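Asker: To start, I am sharing the structure in question, which I have written as structure tokens.
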Amino acid sequence: MSDPNALTADQTTTAGANASVDHGLLWLDGDLRVVGHNATYQQLMELDGELETFIGRPFQELLRSLQQRGEFVDGEVERYLSDHLPILRNRESFKVERVRPNGVALSISAVPLPGGGYVYVYHDVSETRRLRELQRRSAKASVIAMANLAEHRDADTGIHVLRVARLVGQTARKLMMLGKFRAVIDEEFIERAATASILHDIGKITTPDHILLKTGELSATERQTIQEHTTIGARLIRQAKLTMGDNPYLDMGAEIALTHHEWFDGGGYPHSLAGAEISLAGRICTVADVFDALTSHRPYKTPWTAQQALHRIQEKSGSQFDPAVVAAFVEVIKERETACLFPWDDAMSVGNPRIDEQHRILIDTVNQLAGVGSLHNHYAVAMIIDELLVYAAFHFDFEEKLMSSADFPHFDEHQRMHQEFVRWVEDFRDDFIAYGKKALGEPVLAFLKDWLKQHIFEEDQRYRPFVEKLAI
Ligand SMILES: [Fe+2]
Ligand SMILES: [Fe+2]
Ligand SMILES: [Fe+2]
């Protein structure tokens, strides 16, 4: 039953009063019915008199009406009701941050009131968030620049680290949703571990080419040299920290570089650590790293399917890998497999296996954007967009070199299309990341899907006869 008497007169202030308060307030009674709000709430939510009609009605009705106005994306209200209302019913508080469609970032805390009922407190945190994002971007850019130096010998591996980073983020998030490692995993850990994992192989910068790129059996000394990439990587990152100063990714990056080849049963290197002795970020990174290596093209092997790679990882659960991490990882990949805006079609083939594989990866990356959960997850979307940009740049460069050596007559026009696409994605990313101005919704997904489809099916087919001639 509701207990309106539990709320004081102050708490039931409605619009018009409290105009000077810089935070919005919305009060609910013990049955989660709207009992009042202040003027700042009304301003922040850009609501006028209509709010009054919700007084005395269930909070859900207010949310649904806001949804109809376009305040929330599809499914957001349902998820909110199932995830957060039970917390309130348990009389616990929670805090979330969300960006309104007009780009204003709100920090929202919901707190149970001692006498019954609840109060929602809304703060405009747009400026803090903008500065935080800019700082995060520049810290991440330094990390990517460092990794690129180490990966320069094989352009393909530059994208490998970004894919691993995304998988690390998704797996950490899944672990959090499954209620695992509660003491360690929060939003900050997820973001930090994902970006820091970009540095996992940075120590390979010192591994000589003849060992790193060797396809045959390695000698004992060669194996030892390769294994040193873990300790060398951690040392390089710690040295970078001395000059770069306060970069939140470097401590965790060093931890991951050092531990990503340790085995859960103690059989790994460099320190034969076992179980919880290995940092959690390292335990997550190792699964993502092995999966990505198995499913990628290498000069000496064709890529495994996701199913084959998952099977191998499950076989090694408990020996090489942490079983809890494996369980979460399996879920992530299964969800990924169901997310499909558009599938690869053999009619897309341009007759060059390298290009076909790159096109598959581009399609897969765009499909990831439509994946379960990623649409509503700011960091996941930001990571996939970064990946899309890096990979598109790599692929376009590869394709353009091929077209130019095949004397493709429409080279300039084709190159312009590539550049326009990259510019469009960059603009979208900047608006999405720095200011929260643009959300990832159906129109953006439709643009990416249609562009890629049309480009691969039609434009890329036009160079096929020229490139084929080159191969003969
Ligand atoms: Fe490694
Ligand atoms: Fe192209
Ligand atoms: Fe292409």
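The values are calculated or read from the model by the stated rules, or taken from the named source; none is laboratory data. Just so you know, these numbers come straight off a predicted model, no measurement behind them. Counting neighbours? That spans all protein chains shown, and the Cβs are built from the backbone with ideal geometry, glycine included. Quick note on the areas: whole protein, heavy atoms, side chains included, nothing else; ligands and nucleic acids left out. Shrake-Rupley method; radii C 1.70, N 1.55, O 1.52, S 1.80 Å.
Asker: Heavy atoms only, probe 1.4 Å: what % of the accessible area of region 340-472 goes to carbon and sulfur, would you let me know?
Answerer: On the way: 3260 of 6040 Å².
Carbon and sulfur atoms account for 54 percent of the accessible area of region 340-472.
Asker: Hey, what's the per residue convex hull volume over the C-alpha atoms of region 35-147, in cubic angstrom?
Answerer: Values: hull volume 16.4 nm³, N = 113.
That works out to 145 Å³ per residue.
Asker: Taking every pair of distinct Cα atoms and averaging 1/r, then inverting, what Kirkwood hydrodynamic radius in Å comes out for the chain? Could the numbers behind the result be given before it?
Answerer: On the way: mean 1/r = 0.0402 Å⁻¹.
Radius from the Kirkwood sum: 24.9 Å.
Asker: Roughly what angle does helix 248-259 make with the longest principal axis of the chain, taking Cα atoms, 0 to 90 degrees, to the nearest 10?
Answerer: The angle comes out near 50 degrees.
Asker: Could you give the accessible area per residue of region 340-472, probe 1.4 Å, as a whole number in Å²?
Answerer: On the way: 6040 Å² over 133 residues.
Averaged over the residues of region 340-472, the accessible area is 45 Å².
Asker: So how strong a dipole does the chain carry about its Cα centre when Lys and Arg Cβ are +1 and Asp and Glu Cβ are -1, to the nearest 20 debye?
Answerer: Working: 50 positive and 69 negative charges, 171 e Å.
Once rounded to the nearest 20, the dipole reads 820 debye.
Asker: How many Å² of accessible area per residue for region 235-294, probe 1.4 Å?
Answerer: Numbers: 2500 Å² over 60 residues.
For region 235-294, the per-residue accessible area is 42 Å².
Asker: Separate question: Counting only protein heavy atoms, what percent of the accessible surface of region 129-338 is carbon or sulfur at a 1.4 Å probe? Spell out each step's value before the answer.
Answerer: Details: 5170 of 9620 Å².
The computed percentage sits at 54.
Asker: Which is farthest toward the positive dipole end of the chain among ILE333, LEU389, HIS378, measuring Cα position about the Cα centre, with Cβ charges +1 (Lys, Arg) and -1 (Asp, Glu)?
Answerer: Farthest along the dipole direction, towards plus: ILE333.
Asker: What whole-number value in Å² describes the accessible area per residue of region 29-126 for a 1.4 Å probe? Show your work: numbers first, answer last.
Answerer: On the way: 4490 Å² over 98 residues.
Accessible area per residue: 46 Å².
Asker: Give me the angle, in degrees from 0 to 90, between the Cα long axis of helix 442-454 and the longest principal axis of the Cα atoms of the chain, rounded to the nearest 10.
Answerer: Around 20 degrees separate the two axes.
Asker: Beyond 22 Å, what share of the Cα-Cα pairs of region 74-228 is found? Please give it as a whole percent. It would help to have the intermediate numbers written out before the result.
Answerer: Details: 7365 of 11935 pairs.
More than 22 Å apart: 62 percent of the Cα pairs in region 74-228.
Asker: Based on the mean of other beta carbon atoms within 10 Å per residue, what is the order of 256-264, 207-215, 221-229, 173-181, most packed first? Write out the running numbers ahead of the final one.
Answerer: Working: 256-264: 26.0, 207-215: 12.4, 221-229: 16.0, 173-181: 17.7.
Listed from highest to lowest mean packing, they are 256-264, 173-181, 221-229, 207-215.
Asker: Could you check the spin-label model distance between HIS160 and VAL111? Points 7 Å from the Cα along Cα→Cβ, value in nm.
Answerer: Once both label points are built, they end up 5.1 nm from each other.
Asker: If you plug each phi of region 189-198 into the Karplus form 6.51 cos²θ - 1.76 cosθ + 1.60 with θ = phi - 60°, what whole-Hz ³J(HN,Hα) values come out, in order, with x for Gly and Pro?
Answerer: Rounded to whole hertz, the list is 4, 4, 5, 5, 5, 4, 5, 4, 5, 4.
Asker: Follow-up question, since we're still on this one. Modelled label-to-label distance, HIS297 and GLU442, 7 Å Cα→beta-carbon offset: nm?
Answerer: Placing both labels 7 Å along Cα→Cβ, they lie 3.6 nm apart.
Asker: Calculate how steeply helix 59-68 sits against the longest principal axis of the alpha-carbon atoms of the chain, using the helix alpha-carbon long axis, and give the answer as 0 to 90 degrees to the nearest 10.
Answerer: Between the helix axis and the principal axis of the chain, the angle is about 50 degrees.
Asker: So, R0 is 51 Å and r is the distance between the beta-carbons of MET417 and GLN224; what FRET efficiency does that work out to, to 0.05?
Answerer: Values: r = 48 Å, r/R0 = 0.95.
Between MET417 and GLN224 the formula returns 0.60.
Asker: Here is a further query. Amide H to amide H, which residues 5 or more places from ARG33 or on other chains are under 5 Å from it, using H placed in the peptide plane?
Answerer: Here PHE59 satisfy the definition.
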